[in-house]
Amino acid sequence: MAKWGGENLVEPKDYLPVYDDDKPFDPRPFLQHGKYQMFFGGNYFADKLPPSSCWLVWDKDNTGNFADCELVWTNLPKAVRRIIYRWNGLLQQDMKHKEYRYHPTQKPVPVMKWCILQAGEILTMADPFMGSGTTLVAAKSLNRYSIGIEIEEKYCEIAAKRCSQEVMELDCEPVKKEVLSQSNRMEL
Ligand SMILES: C[S@@+](CC[C@H](N)C(=O)[O-])C[C@H]1O[C@@H](n2cnc3c(N)ncnc32)[C@H](O)[C@@H]1O
């Protein structure tokens with residue numbers, strides 16, 4: 001909920017249900033899949049994750065009562081990286097192209113694109129908790145393949161619609177299949 005000095009700026013949005021967000025998450029069954037993995041909110045279950053040199057830090061340029069940053073655990077073989085991208089209730093980094101909020105924990109497309117690019121020339125990615133489909137929209141805009149799984153059917157419909165609406169961006173070189181070694185692909 002958007003707050004300023006403890007006061008609500010707007011009525012909370014009536015989002016669709018989000019399953020199991022209130023329960024502890026165990027990432028361990030997912031660690032065996034694919035070459036690289038990323039977990040948003042990894043700081044909440046860091047005791048179940050291997051040590052990592054590369055956490056991704058999304059600085060939300062926040063004010064008020066929200067967390068300053070989101071932490072993404074990764075197994076990327078590199079150092080910590082940070083992006084500053086405002087996502088503060090009604091305020092977004094790019095107000096001219098403000099993103100519609102479909103999901104209470106929706107991520108900005110540019111942040112998700114940045115995360116994908118941190119993994120290099122990965123051709124295919126899977127998001128087993130895709131929500132409104134931001135990972136898929138970001139992957140599509142980078143000319144990558146993606147697979148999304150979501151328990152709430154309405155979010156699946158939203159994700160499909162978002163993917164069909166997004167226009168391919170021309171500022172990114174398509175990943176060339178021939179330069180990708182088999183070991184560099186992320187597979188289910
Ligand atoms: C943190 S949200 C993802 C938000 C997404 N990154 C976005 O930008 O919209 C996690 C999603 O996982 C879904 N979910 C929870 N348990 C699930 C399960 N067992 N299988 C598939 N989806 C599940 C929830 O309904 C929720 O939409």
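Which pairs, out of K23/K161; K23/K96; K60/K161; K35/K96, put more than 31 Å between their alpha-carbon atoms?
K23/K96; K35/K96
Taking the Cβ of each residue in E152, E99 as the centre, tally the other Cβ atoms inside 10 Å and list the residues starting with the fewest.
E152, E99
Can you list, largest first and rounded to whole Å, the semi-axes you get for region 76-158 by taking the square root of 5 times each eigenvalue of its Cα gyration tensor?
Sorted largest first and rounded, they come to 20, 19, 11 Å.
Rounded to the nearest 0.05, what FRET efficiency do H33 and R82 give with R0 = 25 Å and r taken as the Cβ-Cβ distance? Could you check?
Efficiency, rounded to the nearest 0.05: 0.40.
Starting from the alpha-carbon convex hull of region 32-174, give the projected area averaged over all orientations, in nm².
Convex hull of Cα atoms, orientation-averaged projection: 9.1 nm².
From the phi angles alone, apply the Karplus equation (6.51, -1.76, 1.60; θ = phi - 60°) to region 59-66 and give each ³J(HN,Hα) in whole Hz, x where the residue is Gly or Pro.
7, 7, 6, 8, 10, x, 8, 6
For E152, what charge total do you get from the other residues with a beta carbon under 13 Å from its beta carbon, if Lys and Arg give +1 and Asp and Glu give -1?
Local net charge: -4.
Which of the listed residues, I158, H103, W87, is farthest toward the dipole's positive end in region 32-174, when Lys, Arg count +1 and Asp, Glu count -1 at the beta-carbon?
The residue sitting farthest along the positive end of the dipole is W87.
Among E157, E150, which comes first, then next, by fewest other beta-carbon atoms within 10 Å?
Listed from fewest to most nearby Cβ atoms, that is E157, E150.
Near W58, within a Cβ-to-Cβ distance under 14 Å, what is the net charge of the other residues, with Lys and Arg +1 and Asp and Glu -1?
With Lys, Arg at +1 and Asp, Glu at -1, the net is +2.
So, counting K/R as plus one and D/E as minus one, what does the shell of residues with Cβ under 12 Å around D26 add up to?
Cβ neighbours under 12 Å give a net charge of +1.
Where a number appears in this text, it was derived from the coordinates with a stated rule and is not lab data. These figures come from a predicted structure and were not determined experimentally. Reconstructed Cβ throughout: ideal geometry from the backbone, glycine too, with neighbour counts over all protein chains shown.
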